[in-house]
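A.B. asks: This structure is in structure tokens; I'll ask about it shortly.
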Amino acid sequence: MGGVGALSLLAAPLVALPACAAPALPAGLTAEQIDTLVERTRDAFHVPGIAVAVVHDGQVVFSRGYGRRSEDAHSEKVDTRTLFAIGSNTKEFTTTALALLVDQGKLKWDDRVIDHMPEFRVADPFITRDFRISDLLTHHSGMGLGAGDLMLFSHSNFTRPEILAALPYMPFTAPFRANYAYNNLLYVVAGALVEKMTGTSWENFVQSRLIDAAGLPACQSTPPVKGETDVATGEGNSPDLPDRASLSLPVVAPAGGIWCSVDGMTRWVQMYLNGGKTPEGKTIISTAQRDEVWAPHALLPLPDTAEATQGHFRAYGYGWFMEDFFGKKRVWHTGTIDGMVSYVSFLPEMKTGIVVLTNHDDYRPSFVIQTTLNSLVTTGKSADWLAHWKKQEDDNNAEQAKAAATTGPGSPARPFIHLSAQAQRDYVGLYHDDWRGNIHVTQKGNDLRLSFDNSPGLAGNLSALPHDLFVVRWDDRAQDAGDDCYVQFQRDMDGKVTGISMRVVGSDFSFDAQDLHPKKISDKP
């Protein structure tokens, strides 16, 4: 990873504790270090707000909010009860719900999915017959990276039954159980399985049997609504909240729908560190099932940072990553959704857990804080991870700017062209994709426009490049600018437009436009 081994080390001063002191931070870590690190990180990456907490030896020993709840400079301050969208850290709630059902004897991890959900189908009939519950959770199904995410995000209004019906159209890009490729879609299926086994919604089961049962304060399985005031707003998102009566529950919820405060997440961390029991001794899941979801079930490639953290393996359990970190086991997961990032990390042998929540649409600030704090806990010192990830950001920005200026759409090498209204009419029509549904290409004034059914907020103008190639620029620049797409129209031997292929211009794996294969079914949009 180029020079990380030579990064400077930050020594952690030890503090003598008086007798009968309140619960203390783990050795090697001080409140002053955390404050300084968080504020430096906020400043370097322009993060509006951050919440950080540390659990050690069964106690919450640090919990604090920093900055403000939104990009608005006049927004309220973040506190320990501020709700953040935790994104994919929701996956652990879904696997914990399944663990609870395993404890109850209602299913086993190696049960076939079709034995509990006969409607379950994937593209390959053999894989359908052998697909196990555990296969929903380990990102080794053989589907491509982010497969089907366009049904879950980007203004989607798909339902969970529609997700199940679309599964057979998801392409397999690797052998079954061979390659790691992160997948949200199958966690939505896992949530549907929870619903099938319990007779209630995923939201109700997770709220009542996990969040409320474990006593997680300021934590909920549904999005916040008007009247809830202590709520963070992610980058590029509106602070306006829906009325409760008009709230539409997101289909993605079992993979990324929970909102929680740092106080709520520390209680969750306490329960997991305590072998599935709350601090008061109430069992949520058995220690055996806690150990099962924390066990390595699928191997992953080592990260670029492995040498610097003395890592020799990385694996995925059921909703958790795990690795060796300076000789200690580390269990962790991140989550990114709605312009916010969460990061939960455990050092079980050190009896320590750390939570970081941000309302900034970039993983790097949470990585800086977590890697630094985990290093200080395990070794008493840390490399300068702020400098490392800031350099990575600067290098990436420079590389993207150079590519955009030299070879990107609209650059001198690939200039946009003007099409007459007559030439535009070749592309106008109704297109249909087997899993994503209808796509419309229309003329509006001098512009061609592209829009999706089942995504009323996703539409944009098509700018023409040579050879039937366009770039769609989405209307919502604050939220969707990073997902502008190439749109390649295809023609038959007679020159008639017959279909579309798409690819995101940037690098958002969750905008899986490459898996779309829309066919033109009508010249009328």
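A.B. asks: Answer with one residue from 67, 365, 294: the one whose Cα lies farthest towards the positive end of the charge dipole of the chain, charges on Cβ with Lys, Arg +1 and Asp, Glu -1.
C.D. replies: The Cα lying farthest towards the positive end belongs to 294.
A.B. asks: Continuing with the same structure: Kindly give the semi-axes, whole Å and largest first, of the ellipsoid equivalent to the chain, taking each as the square root of 5 times a Cα gyration tensor eigenvalue.
C.D. replies: 40, 28, 22
A.B. asks: Also: Residue 196: which aspartates and glutamates have alpha carbons under 16 Å from its alpha carbon, excluding same-chain residues fewer than 8 sequence positions away?
C.D. replies: By straight Cα distance, residue 196 reaches 111, 115, 119, 162.
A.B. asks: Give me the extension gain from residue 387 to residue 399: residue separation times 0.36 nm, minus the current Cα-Cα distance, reported in nm with one decimal.
C.D. replies: Length difference between fully extended and current span is 2.5 nm.
A.B. asks: For the chain, calculate the relative contact order in percent as a whole number, restricting contacts to Cα pairs under 8 Å that are 6 or more residues apart.
C.D. replies: Relative contact order for the chain comes out at 17 percent.
A.B. asks: What's the whole-number percent of alpha carbon pairs in region 421-522 lying beyond 15 angstrom?
C.D. replies: Considering region 421-522, 60 percent of its Cα-Cα pairs are separated by more than 15 Å.
A.B. asks: Looking at region 168-220, which trypsin sites (Lys or Arg not before Pro) are DSSP coil and have at most 16 other C-beta atoms within 10 Å of their C-beta?
C.D. replies: 177
A.B. asks: I've got another one for you. Could you provide, to the nearest whole Å², the per residue accessible area of the chain with probe 1.4 Å?
C.D. replies: Per residue, the chain has 42 Å² of solvent-accessible surface.
A.B. asks: Starting from region 441-525, pick out the chymotrypsin sites (Phe, Trp or Tyr not before Pro) whose DSSP state is loop and whose Cβ has at most 16 other Cβ atoms within 10 Å.
C.D. replies: Numbers: sites: 452, 470, 474, 486, 489, 509, 511; in loops: 509, 511.
Those satisfying the criteria are 509.
A.B. asks: Compare the peptides 267-273, 403-409 by average per-residue count of other Cβ atoms within 10 angstrom and give them in order, highest first.
C.D. replies: For the peptides 267-273, 403-409, the packing ranking is 267-273, 403-409.
A.B. asks: Another question, then. Going down the list 282/329; 444/524; 91/391; 329/390, which pairs span over 22 Å between their C-alpha atoms?
C.D. replies: In this structure, 282/329; 91/391; 329/390 exceed 22 Å between Cα atoms.
A.B. asks: Let me ask something additional. Under a Cβ-only charge scheme (Lys and Arg +1, Asp and Glu -1), can you give me the dipole magnitude of region 48-121 about the Cα centre, in debye to the nearest 20?
C.D. replies: Numbers: 10 positive and 11 negative charges, 27 e Å.
Result for region 48-121 is approximately 140 debye, rounded to the nearest 20.
A.B. asks: For region 413-456, what is the convex hull volume of the alpha-carbon atoms per residue, in Å³?
C.D. replies: 110 Å³
A.B. asks: Summing +1 for each Lys or Arg and -1 for each Asp or Glu, what net charge is found among the other residues whose Cβ lies under 12 Å from the Cβ of residue 270?
C.D. replies: +1
A.B. asks: Which value in nm describes the separation of the simple spin-label points at residue 503 and residue 443, placed 7 Å from the Cα toward the beta carbon?
C.D. replies: Those two pseudo-labels are separated by 3.0 nm.
A.B. asks: Here's another thing I want to ask about it. Taking region 313-346, which chymotrypsin sites (Phe, Trp or Tyr not before Pro) meet the DSSP loop condition and have no more than 14 other C-beta atoms within 10 Å?
C.D. replies: For chymotrypsin sites (Phe, Trp or Tyr not before Pro) across region 313-346 that sit outside H, G, I, E and B with at most 14 neighbouring Cβ atoms in 10 Å, the list reads 313.
A.B. asks: If you don't mind, another one. Got a number for carbon plus sulfur as a percent of the chain's accessible area, 1.4 Å probe?
C.D. replies: Solvent-exposed carbon and sulfur of the chain make up 51 percent of the total.
A.B. asks: Would you please classify the overall shape of region 100-205 from the alpha carbon gyration tensor, given that a ≥ b ≥ c denote the square roots of the eigenvalues, rounded means a/c under 1.5, and beyond that prolate means a/b larger than b/c while oblate covers the rest?
C.D. replies: It comes out oblate by the Cα gyration axes.
A.B. asks: What distance in nm lies between label points placed 7 Å from Cα along the C-beta direction at residue 478 and residue 425?
C.D. replies: 3.9 nm
A.B. asks: If you don't mind, another one. How high is the FRET efficiency between residue 490 and residue 249 when r is their beta carbon distance and R₀ equals 51 Å, given to the nearest 0.05?
C.D. replies: 0.85
A.B. asks: Go ahead and estimate [θ] at 222 nm for the chain from helices alone: -39,500 (n - 2.57) per DSSP H run with n ≥ 4, summed, over the residue count, rounded to 500.
C.D. replies: Mean residue ellipticity at 222 nm (helix-derived): -7500 deg cm²/dmol.
A.B. asks: In the P(r) worked out for region 348-404, what percent of Cα pairs fall beyond 16 Å?
C.D. replies: 54 percent
A.B. asks: Could you state the number of Å between the C-alpha centres of region 288-345 and region 74-146?
C.D. replies: 17 Å
A.B. asks: Which listed residue (88, 427, 411) has the Cα farthest towards the positive end of the charge dipole for the chain, taking +1 on Lys and Arg C-beta and -1 on Asp and Glu C-beta about the Cα centre?
C.D. replies: 88
A.B. asks: While we're on this one: Set the Förster radius R0 to 51 Å, insert the Cβ-Cβ distance between residue 177 and residue 39 as r into 1/(1 + (r/R0)^6), and round the FRET efficiency to 0.05.
C.D. replies: Calculated transfer efficiency: 0.70.
A.B. asks: To the nearest 20 debye, what charge dipole does region 421-522 have about its Cα centre, counting +1 at the Cβ of each Lys and Arg and -1 at the Cβ of each Asp and Glu?
C.D. replies: 360 debye
A.B. asks: Using the Cβ atoms and a cut-off under 12 Å, what net charge is assigned to the surroundings of residue 447, where Lys and Arg are +1 and Asp and Glu are -1?
C.D. replies: Once positives and negatives cancel, what remains is +2.
A.B. asks: In addition: In region 106-153, if the dipole is taken from +1 on Lys/Arg beta carbons and -1 on Asp/Glu beta carbons about the Cα centre, which of 147, 128, 107 is farthest to the positive end?
C.D. replies: So the residue furthest toward the plus end is 107.
A.B. asks: Here is a further query. For region 364-496, what D do you get in µm² per second when you plug the Kirkwood radius from alpha-carbon pairs into Stokes-Einstein at 25 °C and 0.890 mPa s?
C.D. replies: Values: Rh = 18.3 Å.
D = 134 µm²/s.
The values are calculated or read from the model by the stated rules, or taken from the named source; none is laboratory data. Everything numeric in this text was worked out from a predicted model, so none of it was measured. So basically every Cβ, Gly included, is an ideal-geometry build from the backbone, and we count neighbours across all protein chains shown. For accessibility, only protein heavy atoms count, side chains too; no ligands or nucleic acids. Shrake-Rupley method; radii C 1.70, N 1.55, O 1.52, S 1.80 Å.
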